[in-house]
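Single-structure report; data block below.
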Amino acid sequence: MEIADFSGKPFPCPVCNMGLRLKISRKQKPYCMCLECGIQIFFRGQEGIKRLHKMIRSEEAVATEFNGPARAVFLYNRLQGLRRQRGHLTDKQGMHFLDSDLRKVVKALDAEIERVLAELEREVKDDAEKQK
Ligand SMILES: [Zn+2]
């Protein structure tokens, strides 16, 4: 597995259990962060990275079986979590007053919300077609 393969893979926040997305650090190690909890997790050890890889692979195996209504509920929950995060960031001040870094974060959240919405729509449509 290439280090780039970790990018975008889901990893649950150990505190709030929200599905985070793995990113690649400048040192070419996977990491992720939960904006809501304000934590960052870096995977630095070779063993840790191997275990993470194993975990992702087994979760992907589960994910392919995990579809239909259960998948729709999962996507819905993820959507709620994203909207909550976005709300926390933009609550105190409007988007207009955010500094440029935070604005980038809000934009990234918006993009993810769009992505999950599209996926949810596909999921619901697939399901409707199966029932025909
Ligand atoms: Zn969290």
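The values are calculated or read from the model by the stated rules, or taken from the named source; none is laboratory data. Keep in mind it's a predicted model, so treat the numbers as computed, not measured. Don't worry about glycine lacking a Cβ; one is built from the backbone with ideal geometry, like all the others, and counts go over all protein chains shown.
Checked against the criterion of being closer than 30 Å to ALA128 by Cα, of a type outside the set (A, V, I, L, M) and within 16 Å of the ligand (Cβ to nearest atom), region 61-68 has no qualifying residue.
Based on what the data block shows, is ILE49 over 17 Å from the mean Cα position of the chain (by Cα) and either among the aliphatic types (A, V, I, L, M) or outside any helix (DSSP H, G or I) (or both)?
Answer is yes for this residue.
If you go through region 1-34 and keep only what is of a type in the set (Gly, Ala, Ser) and either over 18 Å from LEU109 (Cβ atoms) or within 16 Å of the ligand (Cβ to nearest atom) (or both), you end up with ALA4, GLY19, SER25. LEU82 fails exactly one of the following numbered conditions: (1) away from the ligand (no atom under 16 Å from the Cβ); (2) of a type in the set (A, V, I, L, M); (3) modelled with pLDDT of 90 or more. What is the number of that condition? Status for LEU82: all satisfied but (1). In region 17-43, what count of residues is obtained for those that are in a loop (DSSP other than H, G, I, E, B) and touching a residue at least 60 places away in the same chain (Cβ under 8 Å)? Going through region 17-43 one residue at a time, the tally reaches 2.
Would you mind stating whether CYS37 is farther than 19 Å from ALA111 by Cα, within 15 Å of the chain's Cα centre (by Cα) and modelled with pLDDT under 90?
When the stated conditions are applied, CYS37 does not pass them.
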